[in-house]
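What follows is a short report on a single structure.
Each reported figure results from applying straightforward, stated rules to the coordinates on display, with no laboratory input. Please read all numbers here as calculations on a predicted model, not as lab measurements. Virtual Cβ from ideal backbone geometry, glycine too; neighbours counted across all protein chains shown.
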Amino acid sequence: MKKIKILIIEDEVAIREGLIDVFVYHGYDVESSGHGTEGLEKALTGQFDLILLDVMLPGLNGFEICNQIREQDRDQAIIMLTAKSSDEDIIEGLSLGADDYVAKPFSIAQLVLRVQAVLRRTQSVVDQQSKIQLGDDFTIDTQNLSATRGDKELTFTRREMDILLYLYANSQRPVSRDELLHKVWGYAENVDLETRTVDIHIAKLRRKIETDSSEPHYLVTVRGAGYRLLSSN
């Protein structure tokens with residue numbers, strides 16, 4: 001059976017070598033790079049199932065790498081390694097299209113859990129459909145990760161589309177943050193995670209699909225219950 005391939009882009013030698021050992025031990029095929037430019041070249045080959053991407057790198061930083069990957073491939077799984085004290089790093093990384101983040105210093109167990117979760121794509125969670133209809137004149141093409149509204153072209157990452165598909169399939173009720181982590185990100189229900197990834201992805205989606213993201217019409221918050229996607233006017 002073909003091994004899952006992971007690319008680790010991390011310039012700190014001790015961390016990089018430690019991560020290589022961990023993921024090889026868990027049965028993955030691992031390549032690595034300690035330089036941003038070289039790491040991007042490897043990433044753009046499209047041969048990796050997941051990329052672990054540090055923010056601070058020589059040559060090109062992690063944000064630039066993430067952005068260039070997303071310009072070519074909106075389906076590539078990416079987890080960013082960020083400074084624990086920097087909310088700005090977390091927000092920027094997820095806004096550029098990373099699937100998730102892990103803050104340094106991190107536990108190896110949690111990092112492995114997050115890698116495993118991101119690798120479990122959610123195609124099996126909901127029946128994939130080709131279109132999501134939001135109102136009379138707003139149709140999202142789920143296969144091509146795109147939409148057109150008026151003269152505005154919208155593009156989505158695979159993770160963003162997974163969120164929309166799950167909310168659309170359950171549009172009759174609000175969906176909690178924990179349910180999204182379990183069903184869309186693939187985390188076990190009994191795992192307690194400190195992560196803002198759901199909130200940041202929701203905010204990013206609102207900036208794309210709403211006329212005014214501060215007063216959402218389609219992707220609304222139900223206080224105390226979670227998020228709900230309203231598919232009609």
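Observations on the model:
- Contour excess over end-to-end distance, with Cα ends at S86 and E17 and 0.36 nm allotted per residue: 22.4 nm
- Distance between the pseudo-spin-label points of V220 and K3 (7 Å out from Cα toward the beta carbon): 5.1 nm.
- Sequentially through the stretch 214-229, phi angles give Karplus couplings (6.51, -1.76, 1.60; θ = phi - 60°) of 7, 10, x, 9, 9, 9, 9, 9, 9, 3, x, 10, x, 10, 9, 9 Hz, Gly and Pro residues having no value and appearing as x.
- Using 0.36 nm per residue and subtracting the Cα-Cα separation, the extra length available between I108 and A188 on full extension is 27.1 nm.
- Entries of K5/K42; K152/K204; K42/K204; K152/K183; K183/K208; K42/K104 with Cα pairs more than 20 Å apart: K42/K204; K152/K183; K183/K208; K42/K104
- In the chain, the longest principal axis of the Cα atoms and the axis of helix 108-119 are about 50 degrees apart.
- Low-density loop positions, trypsin sites (Lys or Arg not before Pro), the stretch 54-115 - DSSP coil, at most 14 other Cβ in 10 Å: K84
- Residue-span extension gain [R207 to E64] - 0.36 nm each, minus C-alpha spacing: 49.4 nm
- Sorted by Cβ neighbour density within 10 Å, fewest at the top, the residues V184, V13: V13, V184
- Nearest-20 debye value, the chain charge dipole, Cβ charges on Lys, Arg, Asp, Glu: 720
- For the stretch 5-119, the Stokes-Einstein estimate of translational diffusion at 25 °C and a viscosity of 0.890 mPa s comes to 179 µm²/s, using the Kirkwood hydrodynamic radius over alpha-carbon pairs.
- Report note on the peptides 142-148, 175-181: ranked by the mean count of other C-beta atoms within 10 Å, highest first, their order is 175-181, 142-148.
- Phi-based couplings in Hz for the stretch 93-100 (Karplus 6.51, -1.76, 1.60; Gly and Pro marked x): x, 5, 5, 7, x, 5, 6, 7
- Helix-only [θ]222 nm of the chain, DSSP H runs n ≥ 4, -39500 (n - 2.57) each, per residue, nearest 500: -11000 deg cm²/dmol
- Descending by average beta-carbon neighbour count within 10 Å, the peptides 39-45, 159-165 line up as 159-165, 39-45, the highest first.
- All-pairs Cα distance distribution in the chain, expressed in whole percent, bin size 5 Å: 1, 6, 14, 18, 19, 16, 11, 7, 4, 1, 0
- Cα long-axis angle, helix 197-209 against the chain (0 to 90 degrees, to the nearest 10): 50
- Cα-projected label distance for H26 with S231, points at 7 Å along beta-carbon direction, nm: 3.5
- Residues whose placed amide H lies under 5 Å from that of G135, excluding near-sequence neighbours: S232, N233
- Rounded to whole Hz, the Karplus (6.51, -1.76, 1.60) HN-Hα couplings of the stretch 18-29, x for glycine and proline: x, 5, 4, 4, 4, 7, 5, 4, 7, x, 8, 8
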